[in-house]
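The values are calculated or read from the model by the stated rules, or taken from the named source; none is laboratory data. Note that this is a predicted model, so its numbers are computed, not measured. Cβ coordinates were reconstructed from backbone atoms using ideal geometry, including for glycine residues, and neighbour counts include every protein chain displayed.
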Amino acid sequence: MLLIVCPYCGKRPELEFTYGGQAHLARPAKPVELDDQTWTDFLYMRTNTKGPYAERWRHARGCGRFFNAVRDTTTDHFLGTYKTGEPQPEFAAATTRTIPEHPK
Amino acid sequence: MSSRSASDDLRSVNGGQPTSNGALPTASALGTASNDFRTTTGGRIDRSQALRFTFDGTAYAGFAGDTLASALLANGVHLVGRSFKYHRPRGILAAGSEEPNALVTVIRDTARYTPNLRATQVELYDGLCAESQNRWPSLRHDVGRVNDLLARFFPAGFYYKTFMWPKKAWKAVYEPIIRRAAGLGQAPTLPDPDRYAQRYAHCDVLVVGAGPAGIAAALAAADSGARVVLCDEQAEFGGSLLGDGAARIDGDSGLEWVEKSLAALKLNNRVTLLARTTAFGYFPHNLIGLNERLSDHLTQPTRGLPRERLWQVRARAVVLATGAIERPLVFPGNDRPGILLAGAGQTYLNRYGVRVGNQVVVVTATDAAYQAALDLHAAGVIVAAVADTRQSPSGVLPEAARRAGIDVIPASTVLGTKGDLRVRSIALGKLTNGTVRAAQNFDCDAVLMSGGFTPSVHLFSQSRGKLEWSEALQAFIPGQSAENERSAGACRGVYGLAEALADGAAAGAAAGAPTGAAVGTATGPAAGAAAGATVGTAAAPAAARKPGPARRLVVEAPLRGNDAYLGALPAATPPSKHKSFVDWQHDVTTKDLALATREGFQSIEHVKRYTTTGMATDQGKTSNLNAMAIVAQKLDVAIPRVGLTTFRMPYTPVTFGSFAGISRGDLFDPVRTTPTHAWAAAHGAVFENVALWKRARYFPRAGEDMHAAVARECLAVRNACGIFDASTLGKIEVVGADAAEFMNRLYINSWTGLGIGRSRYGILCRDDGFIYDDGVVARTAADRFHVTTTTGGAPRVLAMMEDYRQTEWPDLKVWLTSTTEQWAVIAVQGPNSRRVLEDLVGIDISAAAMPHMSVGRGFICGTSMLLFRVSFTGELGFEVNVPADFGAAVWEAIYAAGQKHGMVEYGTETMHVLRAEKGYIIVGQDTDGTVTPDDAGLTWAIGKTKTDFVGKRSLERASMKASNRKQLVGLRSRSGTVLEEGAQVAAKAGQQPPMELIGHVTSSYASSVLGYPIALALVAGGRAKVGQTLYVPMPGRDLEVEVTSPVFYDPTGARING
């Protein structure tokens, strides 16, 4: 079970949260002006990143708020979380901080 | 340790014959008389506490501290099971949780019937009753044994090749027979009567495994002030030291060191010690699942004591000290009862005081097995020979063996074994210049084997740590960790006792350091560097990894080296001519692996699935590396190239009860009931589950079935009036200055023009244009909407609303509140409904004052009321909303008042029929996530002047407007048959599969008011087909149906506006 830092409530277990898919996909202001391909891309096309990935979470069984997170999809470690509307911060890679190396 | 002489032992079997041909003692007396293979002293058993037990109905005796396996061996019983596929007789192979053969059923009472337990982990209690599995009629005389003779019909992947003809026979004949023949134990037939507890815990350092490395780690971590949890799957802490009589630590015996260490840990109230606790799974962010077994070992479990406790431990740092598992050697006939791992033989002797035989041959590729030989020799067992696969074994242990007079035979291999229910003899071979020739044969009643050790990297791998291949150790060992985790001791290839203690202490100290941070600079003992050739004192600085405690341990233990043998021993015949087992539990032989590679399988993941090697409940603990090595050899590639299979939780099987905890029966899922639930139950309602709700489905009267009750209820609503509990509908209050704008953007309808005190049928689409939910929405103030949703859709609609509110339109001044449970909703429907209510409510509800889709406020029975003039039946109707606490009282008042107007109570089934007669859809029944508003005939609801709403752009796509989309229509069955919901619709009759199908039935009922069955269906281009005849193909016939409008009853809507 992941530990997720809600920017409003702090560190909480995964079961308090719901997943919201890729972050920073703003709904176009005037969808009617888009051609079919552009609209289809907005609706369905998502990146499938190996590594740090900006995604949405909602603290559904807590404060109820949506927020964004950067998670390394190869390790499931969160590099950091931030509030909806804020630009994606630069996070240090998680591996340099808490994970020990075995002595050889 | 026993000091019995060899001659003592010989007397106990068959008048002095040193070999046993499977003559098993069957003594049944309580006591130790039958414990012929028990030493007189030594071991961790309590000889003052004799325990009775039965195995397959035969009574035996053991001692407190025994496992079922050790007690059976003490009684000379090696045959404990039949193998999975070939039904070969099998004995106990190991002494721990890696045991692949000795799976037994333990029966405490009729309900407490636990199959597939490893006898090596079943602690003996007085009166224990165990049975073997996968045999009939008995273990010794098993009919399934014929499979062994028919083995050529069951090669790897046989189920893909044989038994394929005739095709139909697979399901009916072959599969049931094969499933019955290849098996594990039977599932219990009664509900589990036991209680299972669950607990969450946090700690600084979790240490998994309480062998020398784990105990050292826990001591070091505790010394740094950390909160420590130390767990071990065994009843006793000590790990390898429990079965090792030779080691000395700081002048104490190994066990004395364990006792002193545990005493120190017990005094520390920041340390939690969990015995009988298996760390079965490593989950992200250092959450470890532990399964603690609390009562299975007790003769009479205390009432109320949980059987097991599931721990979910979130650890800041984890130290894995999970040890290593000895590898069997792969040679012809290596699976006979009496053939054990060398370390197991040593453990049974030193820990349980049990000799695995009277005359033993040791086959080994390592120095470690010599310790077993020496210990057995000292205990008076005849060690006929140590057959060593190496050219010139010269370590201190081999030398000690030679000095003790044991015949050490180098450059050996095994050509075969004999013995039916117990090994009787072993034929050795000699390997000279790459060729195998026959050598000596030895009579024996036990064989001990050792191919070296496989580090237990299961949990490390589960944590997503990267494994590395160590050429020096011939093993996969932990490389880069993925979590704050350290492996220590044998589980990372640090085998020597001194080195393991130092490694554990260093790991514990680093893990316990307040930062918990990585220590990148210090170096520990190099894996593999401990290989040494002298028995000696290795003074290991415990602080090899700084920072660490100042404790230094002086360790005396013979160095065992790191030699290893992977794969099959050189054989004199090709794999097809003999059975050399690789995976004992799934009966996979070298022949099967050779076949798989010959047929083109190259990845170990594919070989595994084709041959099922490593796929049994033991997950290949003893077999995986040998299988990989054999495949690598066949493919002529290095072992790492073959790849490693994925380790998955659980490490050993965990009971369902442990996972379920208290979430059983009534506590499995919350039950939501409406304010009128008790009334409905008292009036004989039959309930149905809708999401988590219990809803009254119908109210049968004496002698009525559902059909009769629903017909009566429907007619009463159409002709008089009915009362229905609609409280389960979701209700969301949308409030704020921008509430109307929010609703405009979200719902397809236009809300700007909706007056206060008016309501509208709203439809919510997703941005893909498909219907997501629907419900009546009332405007109760300029800035306030009362939105209703479907019963099951309430949570997801609110979540969707919140998503758009928070992330797309945070500038809108609007707030959302779920009010579903605040309101009781009492639907009063039917031509008499106004008459019923007008005496109860204090407001004018005449047709002029309260037209269809209007909303009024008032009081009923003294409580505030929100009154909707609304109908889901097509009749004149109202929905009385009152605070939930008053729901039952108001319901009863309305019901009483309604009696003189012919009112009946009705349930969801009648509601479904009435709405279908009117062609009203139910989202999720008549829609399925691919239905647009237009498909459902609801284009009229779309706000035409809006430039955007959620879903609008998608509805503009050409394919969403195509005329051949599936559209909602009515179907009238010409034969008078009620169609089956879900049935397909075809344009042509008499088709054979594959048919051309153009739609499906979504709703279907008998209509009592119309006198004929009705159905709703989604049919391609359906609206243009009204009047046409279509067909609903059913087994053996096509039902003829006429396409109609979905509105069957009162198409002009005269009644609803009455």
With B:Pro1013, B:Pro1046 as the choices, which residue is in the same structural domain as B:Lys966 (by TED's automatic domain parsing), within 22 Å of B:Gln829 (Cα to Cα) and under 49 Å from the mean Cα position of the chain (by Cα)? B:Pro1046
Being more than 14 Å from chain A (Cβ to nearest Cβ) and either buried (at least 24 other Cβ atoms within 10 Å of the Cβ) or of a type in the set (A, V, I, L, M, F, W, C) (or both) is the filter here, so list the residues in the range B:760-774 that pass it. B:Ile763, B:Leu764, B:Ile771, B:Asp773, B:Asp774
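Mind checking which residues of the range B:1017-1058 are of a type in the set (Gly, Ala, Ser) and not in a strand (DSSP E or B)? Show your work before the answer.
Within the range B:1017-1058, the subset of a type in the set (Gly, Ala, Ser) is B:1017, B:1020-1022, B:1024, B:1027, B:1036, B:1045, B:1053-1054, B:1058.
Hits for the range B:1017-1058 are B:Gly1021, B:Gly1022, B:Ala1024, B:Gly1027, B:Gly1036, B:Ser1045, B:Gly1053, B:Ala1054, B:Gly1058.
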Could you list, in sequence order, all residues of the range B:273-317 that are over 13 Å from B:Val207 (Cβ atoms), of a type in the set (Ser, Thr, Tyr), away from every other protein chain (no Cβ under 14 Å) and part of a strand (DSSP E or B)? B:Thr278
In the range A:6-24, residues that are more than 9 Å from every other protein chain (Cβ to nearest Cβ) and surrounded by fewer than 17 Cβ atoms within 10 Å (Cβ to Cβ) total 10
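Yes/no matrix, rows are residues, columns are (1) polar (S, T, N, Q); (2) surrounded by 24 or more Cβ atoms within 10 Å (Cβ to Cβ); (3) farther than 30 Å from B:Thr40 by Cβ:
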site: B:Ala400; (1), (2), (3): no, no, no
site: B:Gly405; (1), (2), (3): no, no, no
site: B:Ala411; (1), (2), (3): no, no, yes
site: B:Val436; (1), (2), (3): no, no, yes
site: B:Ala446; (1), (2), (3): no, yes, no
Tally the residues that are out of contact with any Asp or Glu (no Cβ under 9 Å at 6 or more places or on another chain) and either among the aliphatic types (A, V, I, L, M) or within 21 Å of B:Val313 (Cβ to Cβ) (or both), restricting the search to the range B:238-254. 1
For the range B:103-123, enumerate the residues that are within 22 Å of B:Leu190 (Cα to Cα) and hydroxyl-bearing (Ser, Thr, Tyr). B:Thr105, B:Thr110, B:Tyr113, B:Thr114
Among residues of the range B:123-158, those that are in a loop (DSSP other than H, G, I, E, B), in contact (Cβ under 8 Å) with a residue 60 or more places away in the chain and aliphatic (A, V, I, L, M), counted: 3
If I go through the range B:778-813 residue by residue, how many of them are in contact with a Phe, Trp or Tyr (Cβ under 6 Å, 6 or more places away or on another chain) and either within 17 Å of B:Val950 (Cα to Cα) or part of a helix (DSSP H, G or I) (or both)? 3
Within the range B:734-745, how many residues are crowded, with 24+ Cβ neighbours inside 10 Å and closer than 17 Å to B:Tyr761 by Cβ? 2
Mind checking which residues of the range A:58-90 are within 10 Å of chain B (Cβ to nearest Cβ), assigned to a loop (DSSP other than H, G, I, E, B), out of contact with any Leu (no Cβ under 8 Å at 6 or more places or on another chain) and within 14 Å of A:Pro13 (Cα to Cα)? A:Ala60
Failed item, numbered, when A:Ala29 is tested on (1) within 11 Å of chain B (Cβ to nearest Cβ); (2) surrounded by 11 or more Cβ atoms within 10 Å (Cβ to Cβ): (2)
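If a residue must be outside any loop (DSSP other than H, G, I, E, B), of a type in the set (A, V, I, L, M) and at the interface with chain A (Cβ under 10 Å from one of its Cβ atoms), how many such residues does the range B:442-494 contain? Before you say what the answer is, go through the steps one by one.
Residues of the range B:442-494 that are outside any loop (DSSP other than H, G, I, E, B), as a first pass: B:442-443, B:446-450, B:453-455, B:458-462, B:467-470, B:475-478, B:485-487, B:489-492.
Still in the list and also of a type in the set (A, V, I, L, M): B:446-449, B:459, B:467, B:475, B:477, B:490.
Keeping just the survivors that are at the interface with chain A (Cβ under 10 Å from one of its Cβ atoms) gives B:477.
Selection size over the range B:442-494: 1.
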Output the number of the condition that B:Ser425 fails; it satisfies all remaining conditions of (1) in contact with a strand residue (DSSP E or B) (Cβ under 8 Å, 6 or more places away or on another chain); (2) within 30 Å of B:Ala321 (Cα to Cα). (2)
Note down all Cβ pairs under 8 Å where the first residue falls in the range B:788-800 and is within 10 Å of chain A (Cβ to nearest Cβ), the second is basic (Lys, Arg), and they're at least six residues apart or on different chains. B:Ala799/A:Arg58
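Looking only at the range B:926-941, which residues are farther than 19 Å from B:Met800 by Cα and in contact with a helix residue (DSSP H, G or I) (Cβ under 8 Å, 6 or more places away or on another chain)? It would help to see each step written out before you state the result.
From the range B:926-941, those farther than 19 Å from B:Met800 by Cα are B:926, B:934-941; that's our starting set.
Within the range B:926-941, B:Asp934, B:Gly937 qualify.
Take the range B:318-362 and flag every residue that is within 20 Å of B:Glu233 (Cβ to Cβ) and assigned to a helix (DSSP H, G or I). If you could, list the steps in order and put the result at the bottom.
Going residue by residue through the range B:318-362, those that are within 20 Å of B:Glu233 (Cβ to Cβ) are B:318-327, B:340-341, B:343-344, B:346-348, B:350-352.
Scanning the range B:318-362 gives B:Gly343, B:Ala344, B:Gln346, B:Thr347, B:Tyr348, B:Asn350, B:Arg351, B:Tyr352.
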Note on the range B:925-970: residues under 15 Å from B:Ile748 (Cβ atoms), away from every other protein chain (no Cβ under 13 Å), surrounded by 14 or more Cβ atoms within 10 Å (Cβ to Cβ) and not charged (D, E, K, R) are B:Thr927, B:Val931, B:Thr932, B:Pro933, B:Ala936, B:Gly937, B:Leu938, B:Ala941, B:Ile942, B:Gly943
Would you confirm whether any residue within the range B:47-55 is part of a loop (DSSP other than H, G, I, E, B), touching a residue at least 40 places away in the same chain (Cβ under 8 Å) and hydroxyl-bearing (Ser, Thr, Tyr)? no
Failed item in (1) out of contact with any helix residue (DSSP H, G or I) (no Cβ under 9 Å at 6 or more places or on another chain); (2) under 18 Å from B:Gln474 (Cα atoms); (3) part of a helix (DSSP H, G or I), with B:Asp666 passing the rest: (2)
Restricting to the range B:414-429, count the residues that are buried (at least 21 other Cβ atoms within 10 Å of the Cβ) and assigned to a strand (DSSP E or B). 6
I want to confirm something. Restricting to the range B:469-478 and keeping residues that are closer than 19 Å to B:Ala500 by Cβ and out of contact with any helix residue (DSSP H, G or I) (no Cβ under 6 Å at 6 or more places or on another chain), which single residue is surrounded by the fewest Cβ atoms within 10 Å (Cβ to Cβ)? B:Ala472
Quick check on the range B:299-312. Is at least one of its residues within 26 Å of B:Val457 (Cβ to Cβ) and hydrophobic (A, V, I, L, M, F, W, C)? yes
Near pairs, Cβ below 9 angstrom, 6+ apart or cross-chain, from the range B:955-966 (free of Cβ contacts under 8 Å to residues at least 24 places away in the same chain) to any residue that is assigned to a helix (DSSP H, G or I): B:Glu956/A:Pro31; B:Glu956/A:Val32; B:Glu956/A:Asp36; B:Glu956/A:Trp39; B:Ala958/A:Asp36
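Quick one: is B:Arg135 within 21 Å of B:Gln585 (Cβ to Cβ), touching a helix residue (DSSP H, G or I) at 6+ places or on another chain (Cβ under 7 Å) and surrounded by 15 or more Cβ atoms within 10 Å (Cβ to Cβ)? Explain how you work it out, then say what you get.
Details: within 21 Å of B:Gln585 (Cβ to Cβ): yes; touching a helix residue (DSSP H, G or I) at 6+ places or on another chain (Cβ under 7 Å): yes; surrounded by 15 or more Cβ atoms within 10 Å (Cβ to Cβ): yes.
Taking the combined requirement at face value, the residue satisfies it.
Among the listed residues B:Ala217, B:Ala235, B:Ala222, which satisfies the condition of being in contact with a Gly (Cβ under 6 Å, 6 or more places away or on another chain), assigned by TED's automatic domain parsing to the domain that holds B:Gly289 and either under 30 Å from B:Ala94 (Cβ atoms) or crowded, with 24+ Cβ neighbours inside 10 Å (or both)? Quick ask: steps written out before the conclusion?
Values: B:Ala235 fails: in contact with a Gly (Cβ under 6 Å, 6 or more places away or on another chain); B:Ala222 fails: in contact with a Gly (Cβ under 6 Å, 6 or more places away or on another chain).
Every option except B:Ala217 fails the conditions.
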